[in-house]
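Notes follow once the structure below has been shown.
The values are calculated or read from the model by the stated rules, or taken from the named source; none is laboratory data. None of the values given here were measured: they were computed from a predicted structure. All Cβ positions, glycine included, derive from the backbone under ideal geometry; neighbour counts span all protein chains shown. Heads up: the accessible areas ignore ligands, DNA and RNA and are worked out on the full protein's heavy atoms, side chains in. Shrake-Rupley method; radii C 1.70, N 1.55, O 1.52, S 1.80 Å.
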Amino acid sequence: MPFLFGSNYAAASAYTREMFLTMLLFPTGVLQATVLIAMKLERVDMTINIISLIASVALIFAGLSFIRSLTVVNVSIFISFLLFHICQDYVLVKRKILTIGNVMNFYFFTAAFVVAYVLLASRFRSIISLPSPGVSPSLYLAPPNE
Amino acid sequence: MLSLVDVAVYEISFRVFSVFQILPVIVSASVFPQLVALYNSGDMIQFKAAYKRYSYSFWFYGLFVYTFMYSFQER
């Protein structure tokens, strides 16, 4: 991130990482919205969008009144997307397109994968990270305890 | 409220995010006619099968993009 936008915006890396939590739900959320519209449930889709928008704005204002940080904005958007996804799941389960097992599997395996990846990434960081410009690749390939 | 630097940082994060959000939007718009045709045909088994097939692809895309960004962002 500093390589692209300059060292003044080095903090953007951490916030970008937080924002990408939403990417765990965004693609399937968009697909589920498309499925709802294909099933002629545009009004339901619009209602879910409005609920998500209200939740997002309310959480951001409530959060910022306590903590003035971009993390509040990113987490609020993630929670509103989670609410959006859960509402879609509810409608699709009621319409028998999905089962409760499908929905639980999605959330369980997504959470398990992300937690496992985050925990393991710190152990294997030397393998999966790209070397920064100007830094010898040998520093990245050295074992963590050296 | 937040400072102007925070707004700039948010804008940078969102620019990167918007690059990766384009693909699901394009693909979902592309599969929409097929989903409508399957739903209108009344063949719910095919409709559910198509939805599940696309759903797995979208799910893996989300996981891939998140792990990619997690790994390649400097701390």
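Quick notes
- Neighbouring partner chain Cβ atoms per residue of B:52-59, average, 10 Å criterion: 5
- What the phi angles of region A:33-43 give under the Karplus curve with 6.51, -1.76 and 1.60, with θ = phi - 60°, is a coupling list of 5, 5, 5, 4, 5, 4, 8, 6, 10, 4, 5 Hz, glycine and proline written as x.
- Burial order of peptide ranges A:72-83, B:2-13, A:19-30 (average beta-carbon count within 10 Å, highest first): A:19-30, A:72-83, B:2-13
- Average beta carbon contacts from partner chains per residue of B:9-19, 10 Å cutoff: 6
- Backbone phi angles across region A:12-19, fed through the Karplus curve with coefficients 6.51, -1.76 and 1.60 (θ = phi - 60°), yield HN-Hα couplings of 4, 4, 5, 6, 5, 4, 5, 4 Hz in residue order; Gly and Pro are listed as x.
- Helix B:44-72 vs. chain B, principal-axis angle (Cα, 0 to 90°, nearest 10): 20
- Cα shape, the protein assembly as shown, gyration tensor, a/c 1.5 rule: prolate
- C-alpha long axis of helix B:4-41 to longest principal axis of chain B, angle in °: 0
- Our estimate of slack between B:S18 and B:Q34, defined as 0.36 nm per intervening residue step minus the Cα-Cα distance, is 3.2 nm.
- Portion, in percent, of the accessible area of region A:1-105 that falls on carbon or sulfur, probe 1.4 Å: 72
- Normalised per residue, the accessible area of region B:17-62 is 56 Å², obtained with a 1.4 Å probe and no contribution from ligands, DNA or RNA.
- Contour minus Cα-Cα distance for A:K40 and A:N102 (0.36 nm per residue): 20.1 nm
- Residues of region A:74-96 with amide N under 17 Å of the 7 Å Cα→Cβ point at A:V114: A:74-89
- Taken across both chains, chains A and B shield about 4900 Å² of accessible surface from a 1.4 Å probe.
- Counting 0.36 nm for each residue step from B:L2 to B:Q46 and taking away their Cα separation leaves a gain of 10.9 nm.
- Rounded, prolate or oblate (a/c below 1.5 giving rounded, otherwise prolate when a/b exceeds b/c) for chain B by Cα gyration tensor: prolate
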